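Structure first, then comments.
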Amino acid sequence: MSTELKSILATDCGSTTTKAILIEKIDGVYRLIVRGEAPTTVEAPFDDVTKGVLNAVEEVEDLVHLKGDKKRKILKNGKIIVPQKGDFGVDAYVSTSSAGGGLQMMVAGVVKSMTAESAQRAALGAGAIVMDVLASNDKRLPHQQIERIRHLRPDMILLSGGIDGGTTKHVAELAEIISAADPKPRLGSSYKLPVIFSGNIKARDFVKENLDKKTDLIITDNIRPVLERENLGPARDKIHDLFMEHVMAQAPGYKKLMSWTVTENNDGKLIQVPIMPTPGAVGNIMKTIAKLEKIEVVGVDIGGATTDIFSVFTEDQIFNRTVSANLGMSYSISNVLASTGIDNIMRWVPFDIEIKKLRNMIKNKMIRPTTIPFLMNELILEQAIAKEALRLAFEQHKEFAVTLKGTQKESEIADAFAQSASGETVVNMMSLDILVGSGGVLSHAPRRNQAAMMLIDGFLPEGITKLAVDSIFMMPQLGVLSTISEKAAIEVFEKDCLVHLGTCIAPKGKFKNGKNALYAKIELPNKTFEENIKFGEMILLKLGLGQKAKATLKPLSGTDLGAGKNNEINTEISGGVVGIIIDTRGREEHFDEKLNKNVMSINLSDKHSERIDNLKKWLKALEIYPEDWFK
C-alpha cells in the first residue's frame, strides 16, 4: 500500500449509528481530526446504508469547517472523493459494518472439544456471532440438529472435522445433516447459503457430493491439519470474503458502499479495501498492537446486548475472541442478574437497598435501554452490574482461550468421544501488559476513576498491569485501517483512541488479615512514596499522563508480583489520567456456586456492615465518587 497517505476517512456502520472519523498526517504523525455520526439507514424507510454514511461524513465536513478549514471538502455529487486533490477528498476510505445484526454463523465439527472448538475460534476471530456449535458428539439426534439449522437460518456455516488423512465417516455424516436441512440464508432469497469446508482433505469428495448442489460450497485448508496445530488463517480470510460477497451484498446499499472503499497503491492505482465485520476489525487492532509492541493484551467491548472479550497471549501471539451474547448493560441486563445472582451484584453495592427496588431498576433498564442513570445511587448500581457482566464474560473467555485439546495423551485421543481432553487456558493475568476497556459504561463513565475500578473489580489484574479505555470507540475503524497502514492505525490508537488510566499494582496471594502484603517505594515527581501496605488496602498515587516513576516493589507474606513469592521487583511505572492504583485485597480462588467452579476473587467480608465499610473506604481512597456522597 501507499506509504504517503495524508488523509484517511474511516466509517463504522453499526446497527443503530454510523460513525465517521477523519485522520490526517500532521508534521509526520497521523492524528484524529474530527468525528461525526448519524443514524444508520440500512432499514426502511431509507433502505440504503450509504445515506447514513454520507450524513456522518457531512457532519465531519461541517466540523472541519468549524475548525477554520473553509476549503475542506470530502464529498462531491453524493460520493466520497478518492484520492485527495488539493483541499478536496481523501487519500483512502475504509469501513467496517455490523449493521443488519452483523455476521451470524453456525459451526460444525466432529469432536466438540477439538475440531468444533477450533472452528468456533476461527469464526469468532473473523468477527462472527456463533449461533450454535454442531458436533457428532453433542448428544443431539440428527433430526434435532437438522431442525436447529433450519430454525436459526445463519448467514453461513463453517464445517470442519478430522485431521488430514484421518477417518472421514463423521465428517460425511455432518455434511449429510447439513444437506438434509437444506439451509436458507437469513438475508436474501436469490442465492445459496455459503458453506466453508475446512476439514480432512480426504473428506472433500464426500462433502462435495452432499453439499455442492444445495449450497455455495467453498473448500479451504484444514483448520486442524494435525492434532497439535491449528491453521485458522485460511478459514478466517474466507469468512471475511464471503461476508462481503454474500451477506453484505444482500443488505441495501452495500454494493455501492463496497465500490467506495478504496485507496491508492504504490503505482497510483485505486484498489478495493474490503469492508470488515466490526468485531473482526477490533480484533485486528488488538493483534496489530500486540505484534508491533510485543505485549500481551486483553480488551473488552461491553455493549447493551453482548460483551466481547479479545486477548493476545504468549510469545506465539495467540489471539482469541469470545462473544457473551447474553451479557449486556441494557437489552441483556436481566440475563446478567440471572447468570450471577442478586448476592454477587449486591456485594459491590456500598449501601442498603431493597432487593425489589434493585430488580425494578434492572427491568426498567431492559425495557428502556437508552436511559442513563439520573441519581448517584443508580449509577453505583449500574456499575456494580457492569462488574459482574465483565467478570462472567471473562470467565467464559478463559474457558475458551485454551491450548489445543486432545494433544496431551494418546489414550485421551482414542477416548475423545467419551470425554473431552482439558486444554489449559492461555490467559495469564500475571504476564498481562495492558487491559483495554470500551463500551458506554466504561468509555462514558462520569469519572475515569470509575472505569478503572470497574476494570479492576471485573478482571482482577495481577502483578503490574496498565489500564486504558477507548475514548470514543474508534477501534473498529482503526482495525480496518491497519490493513492498509499499520503506522496510521497505531499512531492514532496511541495518541487519540486510548485514554491511559494508569497502572494497577496488585500482589497475588491469600488474604491475611493484619499482615503486610507489599512494601512499595515509588519515586513520584514531587515526593517519594515509601510504605509497608497491609492486606485489604487500595491506595491512589497521582502520576500524570506521560509521566514515569521508578519503583521498588517487594511482595510480602507469601504474595507474588510476577517474579515469585516474596521476590522483589525494580521497575518503571507509567502514569495516566487516574494514576497508580495499589490493590492489596489479595487474589485467591473460591468456589462460585452459580458457575459451579473455582474462580479468582478478592477478599470481601461476609459481614454486611464490614463489607459496606470496606467498599466505602476503597471508593473514597480511589476518588470514585464526589466527596459529599460519603457524608
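Quick note: the coordinates plus some simple rules give every number you see, no bench work behind them. It should be emphasised that the depicted structure is a prediction, and the values quoted were computed from it without experimental measurement. Ideal geometry is used to build each Cβ from the backbone, glycine not excepted, and the neighbour counts take in all protein chains shown.
Any number yet on Rg/Rh for the range 495-631, C-alpha, Kirkwood?
Result for the range 495-631 is an Rg/Rh of 0.99.
What is the diffusion coefficient of the range 580-630 in µm²/s, taking the Kirkwood radius over Cα pairs and the Stokes-Einstein relation at 25 °C with a viscosity of 0.890 mPa s?
Here the translational diffusion coefficient equals 191 µm²/s.
In whole angstrom, and with the biggest value first, how far do the Cα coordinates of the range 457-531 range along each principal axis?
Over the range 457-531, Cα extents along the principal axes are 54, 32, 19 Å.
Which value results when the Cα radius of gyration for the range 475-518 is divided by 2.2 N^0.38 Å?
Relative to the rule-of-thumb radius for its length, the range 475-518 sits at 2.05.
List, in the order given, every pair from K25/K291; K51/K76; K387/K616 whose Cα-Cα distance in the structure shown is over 18 Å.
Those over the limit are K25/K291.
Using the 2.2 N^0.38 Å rule of thumb for compact globular proteins, work out how the chain stacks up: its C-alpha Rg over that value, please.
Here the Cα radius of gyration is 1.00 times the empirical estimate.
Nearest 20 debye, what's the magnitude of the dipole of the chain about its Cα centre given +1 on Lys and Arg Cβ and -1 on Asp and Glu Cβ?
About 800 debye.
May I ask which residue of P154, S113, F206 lies farthest towards the positive end of the charge dipole of the range 102-231, with charges of +1 (Lys, Arg) and -1 (Asp, Glu) on Cβ and the Cα centre as origin?
P154
To the nearest 500 deg cm²/dmol, what mean residue ellipticity at 222 nm is calculated for the chain from DSSP H runs of n ≥ 4 alone, each contributing -39,500 (n - 2.57), summed and divided by the residues?
So the calculated ellipticity at 222 nm is -9000 deg cm²/dmol.
For the range 88-172, what mean projected area does the convex hull of the alpha carbons give, in nm²?
Its average projected convex-hull area is 8.0 nm².
List C13, C497 from most exposed to least, where exposure is judged by having the fewest other Cβ atoms within 10 Å.
Least crowded to most crowded, the residues run C497, C13.
Hey, could you get me the Stokes-Einstein D for the range 260-376, Kirkwood radius over alpha-carbon pairs, 20 °C and 1.002 mPa s, rounded to whole µm² s⁻¹?
122
Once Lys and Arg get +1 and Asp and Glu get -1 on their Cβ, which of T17, L622, A126 lies farthest toward the positive end of the dipole of the chain?
L622
Of I385, V42, Q104, which is farthest on the positive side of the dipole of the chain, counting Cα position, with +1 on Lys and Arg Cβ, -1 on Asp and Glu Cβ, and the Cα centre as origin?
I385
Lysine pairs in the range 102-231 with alpha-carbon atoms under 20 Å apart, 8 or more places apart or on different chains: how many are there?
13
How much space per residue, in cubic angstrom, does the convex hull of the C-alpha atoms of the range 235-279 take up?
87
Provide the convex hull volume over Cα atoms per residue for the range 1-126, in Å³.
Per-residue hull volume (Cα only) is 147 Å³.
Report the Cα-based extents of the range 102-231 along its three principal axes, largest first, to the nearest Å.
For the range 102-231, the Cα spread along each principal axis is 39, 29, 28 Å.
So how do T11, T552, T288, T40 line up by other beta-carbon neighbours within 10 Å, fewest first?
T552, T288, T40, T11
Sorted from largest down, give the three principal axis spans of the alpha carbons of the range 290-342, whole angstrom values.
Extents along the principal axes, in whole Å: 39, 18, 14.
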